[in-house]
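Below: the structure, in structure tokens.
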Amino acid sequence: MYNILLQDCADNHLHYRGFVAGEERSLAYIYKHAWLPLQHIGLRILNNEFVISCILQEAMLHGWEHRHTMKSTKHIYFFIRQDLLWKCFAWLRSKQHTFYSNRCSNLDDVLEEEYKVVLADEKQMEMVEQDEERRQLVYNAIPYLTPTKQNITTLSLKYGLSCKQIAARIGSSATAVSLQLQDAASHLKQIIHASYMFEKKEQKRSKVFNLVQLDAVKEKIVCMRRNENKSFECIAASIGLDTPEVRCLYIEALKIMSKN
């Protein structure tokens, strides 16, 4: 992975001096260009973004504490990387890692049940959205009817009046109203059929999930799951996590999204 901190350039010389002098803007410069490549390295050892973030934060602070011994931005980067590697392997040998691994294994069944509940809620929500979508399609097509048919269709669909009640309002017979409603329904079907497929494709293409509150990993999981219809196993293999952990993160993401 390309990293500007390894290059010989004016910005690196400037921020190296600032880093050694304790300037926060130079510390931010190191963070900006070192974090992602080092995080990538850490995740190849530990498939846990939270743990890697904590370890990398400690490694960054360790580098900051020893800034007076640094010779260049390249030296800073490799110092932090080495500290990160040591801390990752120390974590693998730790009791915390053993506890975490066992806990995740024991929670597999619980997560499976929770996922089923979330999935059921998600399907129910999709059904409600589909019903609302169909209703909106009908309402959008009503203005294309004749004024009389617009009136009786609106009274029937929006206000739930019977043919007899509508007939009393417009001074007609219930039979005539019923025939007009049947004719209006036929016209509505033709109008909706002509525009439905186009509108459906446009809505699918433009549908955007509210991912603002999600971190990068959860956002990627949600997009791969919903937009690409990937299985959890496929997602796990793609981003380097365990399948149970991907399911757990997906459930957390759905809960966060439901609150937005």
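Read-outs: derived from the displayed coordinates by stated rules, not from any lab. None of the values given here were measured: they were computed from a predicted structure. With ideal geometry, Cβ positions are generated from the backbone for all residues, glycine too; neighbour counts draw on all protein chains shown.
Key figures for this structure:
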{"quantity": "Where labels lie 7 Å past Cα in the beta-carbon direction, separation of His66 and Ala28 in nm", "calculated": "2.7 nm"}
{"quantity": "Sites Glu233 and His75, calculated FRET efficiency, Cβ-Cβ separation with R0 35 Å, nearest 0.05", "calculated": "0.25"}
{"quantity": "For Leu161, distant residues with modelled amide H under 5 Å away", "calculated": "Ser156"}
{"quantity": "Per-pair calculated FRET efficiency, R0 = 51 Å: Ile45 and Ala21 via Cβ, rounded to 0.05", "calculated": "0.95"}
{"quantity": "When each of Lys32/Lys71; Lys87/Lys255; Lys220/Lys255; Lys149/Lys189; Lys87/Lys220 is checked by Cα-Cα distance, pairs over 21 Å", "calculated": "Lys87/Lys255; Lys87/Lys220"}
{"quantity": "For the range 213-220, 3J(HN,Hα) per residue [Karplus equation, 6.51 cos²θ - 1.76 cosθ + 1.60, θ = phi - 60°, Hz, x = Gly/Pro]", "calculated": "8, 8, 7, 4, 5, 5, 4, 5"}
{"quantity": "Net charge of Cβ neighbours under 13 Å - reference Ser53; Lys, Arg +1; Asp, Glu -1", "calculated": "-2"}
{"quantity": "Linear extension gain, Thr154 paired with Glu58, 0.36 nm per residue minus alpha-carbon span", "calculated": "28.0 nm"}
{"quantity": "Sparse-neighbourhood loop sites, chymotrypsin sites (Phe, Trp or Tyr not before Pro) in the range 137-171 - DSSP loop, at most 16 other Cβ within 10 angstrom", "calculated": "Tyr159"}
{"quantity": "Extended-chain gain in nm, criterion 0.36 nm per residue less alpha-carbon gap, Gln136 and Leu92", "calculated": "10.3 nm"}
{"quantity": "The range 1-88: trypsin sites (Lys or Arg not before Pro) in DSSP loop, at most 13 other beta carbons within 10 Å", "calculated": "Lys71"}
{"quantity": "Calculated from backbone phi, Karplus (6.51, -1.76, 1.60) coupling profile of the range 169-175 in Hz, x at Gly/Pro", "calculated": "6, 9, x, 9, 8, 5, 5"}
{"quantity": "Inter-label distance, nm, simple model (7 Å from Cα along the C-beta direction), Thr175/Cys223", "calculated": "6.3 nm"}
{"quantity": "Euclidean distance between Cα centres, the range 24-41 to the range 139-157, Å", "calculated": "61 Å"}
